[in-house]
Protein chains: 2
Amino acid sequence: MGRSSTARERLLEAACELMLSRGYGSIGVAEICARADVRKGSFYHFFESKQALTIAVVDAHWQAQRAAWTAILNGPEPALDRLERLFREQAEGQRRAKLSGGAVHGCLLANLALELSQQDSRVQERLEEIFTEQIGLVQAALDDAAGEGAIPAPRPGTARSLVAQLEGLVLFAKLSNDPEILDDLWEQARLLLGTAASPALAV
Amino acid sequence: MGRSSTARERLLEAACELMLSRGYGSIGVAEICARADVRKGSFYHFFESKQALTIAVVDAHWQAQRAAWTAILNGPEPALDRLERLFREQAEGQRRAKLSGGAVHGCLLANLALELSQQDSRVQERLEEIFTEQIGLVQAALDDAAGEGAIPAPRPGTARSLVAQLEGLVLFAKLSNDPEILDDLWEQARLLLGTAASPALAV
């Protein structure tokens, strides 16, 4: 039973894939087990409930995403360049998902936030912590960029507005299955940062 | 059976309330009927499926929202003031929802877009049409504002970026059940429009 050692990982992966494309409510433990090729009895050996699995999926997803984000944000370039790389990479990720699997997969954390915030306080709390951490990573890069004189001192809501812009455009990219909607993301981010060259007012 | 004449409306209202708070997948026809006080047999008199009901809910929701949006956007004020009123009203709507029902209710259309885009092409198509129309309403106001010399000529993605900012901040407001997150919305929108006064660069 060599496969049993990877059963937990297969369950996490199967649940993540299913939740990315179809959310939480329409997916049952049986379907997750079938996709993961794990017996239903084994499921409850690893997770006490679908809720517990969901939190583990969210944690695993954020662990991988945070590693990718910090690898970029801790790079040697000026802070504003690192931020640009981070935002362009989010667009690239959706483009790759469409190329490899045929569909813009969107953002698992946003999907679950909209669906579960009002019905599952444990998942809600975990997602809130993760988005706070995500916004904090952006905030730290903004503080660095301001320290380097590349952007004006960020206002309190700026980091959140950047992540909101990302999530909003990812929503439209997912809805239209069109990753090119995200091509505009960095330009919008520069406007939110007050660093884009505004066209002259046509007065 | 005087109530039967309102059964369809009660079903729409019950489904809308349930989908706002819990999405689509976890809600069944039986629960919708129970909340609407309509017998399950009657449900299929009005709607051939949960999908058909969902499209009717989406249509009814957008019809009401579009009426509210156009009432503001067709007002007598300068176009930029109308746009500001529209965005401030979105924040107010979430604040009222929390005051009256205890919870920021978020955006039904965004909830369903993230959950259903990859599993229900009829709902996906309808939502895509509605968001295109919504972005078009904002675009028309931007064109008016540019014609009045109040903002620079909008770039192609500007209207979509404004609605994306709205949806992104609504997501965070819903996740944290905190409508004050939207207090910042108009300020962010002005940055995206290139009309906000940027603080001086701290060079």
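The values are calculated or read from the model by the stated rules, or taken from the named source; none is laboratory data. These numbers were taken from a predicted model, which means no experiment stands behind them. Note that we place each Cβ from the backbone using ideal geometry, even for glycine, and neighbour counts take in every protein chain shown.
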When residues of the stretch B:113-124 are limited to those that are surrounded by fewer than 19 Cβ atoms within 10 Å (Cβ to Cβ) and assigned to a helix (DSSP H, G or I), the one farthest from the other protein chains (Cβ to nearest Cβ): B:R122
Among residues belonging to the stretch B:6-29 that are of a type in the set (D, E, K, R) and under 20 Å from the mean Cα position of the chain (by Cα), point out the one that is farthest from the other protein chains (Cβ to nearest Cβ). B:E9
Out of all the residues in the stretch B:37-60, is one or more among the hydroxyl-bearing types (S, T, Y) and surrounded by 19 or more Cβ atoms within 10 Å (Cβ to Cβ)? yes
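Have a look at A:T6, A:T70 and point out the one that is of a type in the set (V, I, T), surrounded by fewer than 18 Cβ atoms within 10 Å (Cβ to Cβ) and farther than 20 Å from A:I130 by Cβ. Working first, answer last.
Values: A:T70 fails: farther than 20 Å from A:I130 by Cβ.
Only one candidate qualifies: A:T6.
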Name the pairs whose Cβ atoms lie under 6 Å apart, with the first residue in the stretch A:130-153 and at the interface with chain B (Cβ under 10 Å from one of its Cβ atoms), the second hydroxyl-bearing (S, T, Y), and 6 or more positions between them or separate chains? A:I151/A:T195; A:P152/B:S198
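Residue-wise test of (1) among the hydrophobic types (A, V, I, L, M, F, W, C); (2) at pLDDT below 95; (3) in contact with a strand residue (DSSP E or B) (Cβ under 9 Å, 6 or more places away or on another chain); (4) under 23 Å from B:A110 (Cβ atoms).
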position	(1), (2), (3), (4)
A:A60	yes, no, no, no
A:L83	yes, no, no, no
A:E92	no, no, no, no
A:A110	yes, no, no, yes
A:Q124	no, no, no, yes
A:I130	yes, no, no, yes
A:I135	yes, no, no, yes
A:A150	yes, no, no, no
Only one of these conditions is not met by B:A79: (1) out of contact with any Lys or Arg (no Cβ under 6 Å at 6 or more places or on another chain); (2) not assigned by TED's automatic domain parsing to the domain that holds B:A141. Which number is it? (2)
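When residues of the stretch B:30-44 are filtered for being in contact (Cβ under 8 Å) with a residue 12 or more places away in the chain and either more than 20 Å from B:L116 (Cβ to Cβ) or away from chain A (no Cβ under 14 Å) (or both), how many remain?
Looking only at that region, the number is 7.
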Can you tell which of A:A60, A:A52 is over 26 Å from A:A103 (Cβ atoms), more than 14 Å from every other protein chain (Cβ to nearest Cβ) and under 20 Å from the mean Cα position of the chain (by Cα)? A:A52
Scan the stretch B:168-189 and tell me whether some residue there is modelled with pLDDT of 95 or more, at positive phi and either touching a helix residue (DSSP H, G or I) at 6+ places or on another chain (Cβ under 8 Å) or surrounded by fewer than 19 Cβ atoms within 10 Å (Cβ to Cβ) (or both). yes
Report, by residue number, each residue of the stretch B:9-20 that is surrounded by fewer than 19 Cβ atoms within 10 Å (Cβ to Cβ) and within 22 Å of A:I27 (Cα to Cα). B:E17
If you go through the stretch A:154-190 one residue at a time, how many are within 8 Å of chain B (Cβ to nearest Cβ) and assigned to a helix (DSSP H, G or I)? 17
Among B:A103, B:A110, B:A56, B:A60, which is assigned to a loop (DSSP other than H, G, I, E, B) and touching a residue at least 40 places away in the same chain (Cβ under 8 Å)? B:A103
